[in-house]
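Here is the structure we will look at, set down as structure tokens.
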Amino acid sequence: MSSIKIDPSLHLEKKPDWIKVRLPSNPVFFSTKDLISDLRLHTVCESAQCPNRWECWSGGTATFMIAGDRCTRACGFCAVDTAKPFPLEQDEPQRVAEGVKRLGLKHVVITAVARDDMPDGGADHFGKTIEAIRALDPKIVIEVLVPDFNGKDDSLKRVLDAGPDVFNHNLETVERLTPLVRSRAKYQLSLDFLKRAGELRPDIKTKSGIMLGLGEQENELFQSLDDLREAGVSILTLGQYLRPTPNHLPVVEYIRPETFELYGTIARNKGFEFVASGPLVRSSYHAADFNPIVR
């Protein structure tokens, strides 16, 4: 863990009234849960304890997490387990495609744990999953949320050559806090990675997201937005960081909804084509709302 520290006296335990999560009552939620279990699939909804999983699953949507549920990194914000990963399941791409079919999805999001144990970081597995879904229905909008593959160009090309519609890699936080928040990740590498993706495939939209409430300053956030625009990113998500367990980084500040609205307006004025900004916004939350700008 980085030597950078966040003042623990700033930590806020009590969640404000605007951080509310509906409990499931829609039967579609439970049928979606059963389908995911039946096909032996992982979702970032569960593994990362997403606060919106009740809403999304009740609508019959889910973000599939491939390459297992054990991550080789130990980021200070993330609820996904850090452990030695199991070998890849070779039939997983087909199982994901079957899940997409049975859920009737028109927009699917595919993400993965970091697989630094593999030479390509799991890029080929991403490519095979995209290709399996494309073979099922070429009209499905496919969004990928990828790790940085340690900046390897061949890995990046493998994913892009499979032809996703949206290529997402999250910056997660401002430059100053990156060593603390994102284990083994580098701020500039992420920006270069996104820029390179746009250069290789200008027909594919690039997307990124930032969590707020970790101790960033406004000027640092605005600099990160400028950096993302300089890298060619056109889709942005801004959401509130929520501490998954006491072992994770503390919440320094709960950003008010009206402030999120202001930041969203500022981001649009900076040139982002689509911005989702709000306390419970996550990378794949209402991802299908982005369809009009990718089709």
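Every number here is computed from the coordinates shown, using simple stated rules; none is lab data. No experiment lies behind these values; they were computed from the predicted model shown. Positions of Cβ are generated from backbone atoms using ideal geometry, with glycine treated the same way; all protein chains shown enter the neighbour counts.
Below is a table of values for the structure above.
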| item | result |
| --- | --- |
| Amide H contacts under 5 Å for Ser277, placed H, 5+ residues apart | Leu238 |
| 27 Å Cα-Cα threshold exceeded, pairs from Lys14/Lys207; Lys84/Lys152; Lys139/Lys207 | Lys14/Lys207 |
| Packing-based order for 239-251, 68-80, using average beta carbon neighbours within 10 Å, highest first | 68-80, 239-251 |
| Approximate spin-label separation Asp17-Ala83, in nm, with each point projected 7 Å along Cα-to-Cβ | 4.2 nm |
| Straight-distance crosslink candidates among lysines, where the alpha carbon sits under 24 Å from Lys15 and sequence neighbours closer than 8 are dropped | Lys5 |
| Normalised per residue, the volume of the convex hull around the Cα set of region 114-259 (Å³) | 129 Å³ |
| Sparse-neighbourhood loop sites, trypsin sites (Lys or Arg not before Pro) in region 88-157 - DSSP loop, at most 16 other Cβ within 10 angstrom | Lys106, Lys139, Lys152 |
| Estimated FRET transfer efficiency when R0 is 35 angstrom, pair Leu136-Lys186 (beta carbons, to 0.05) | 0.45 |
| Qualifying aspartates and glutamates (Cα of each under 16 Å from Cα of Lys157; at least 8 residues distant if same chain) | Asp120, Asp124, Glu131, Glu143, Asp148, Asp165, Asp192, Glu199, Asp203 |
| FRET efficiency, 1/(1 + (r/R0)^6) with R0 41 Å, evaluated for Asn269 and Lys157 via beta carbons | 0.75 |
| Overall Cα dimensions of region 114-155 - principal axes, largest extent first, Å | 31, 16, 14 |
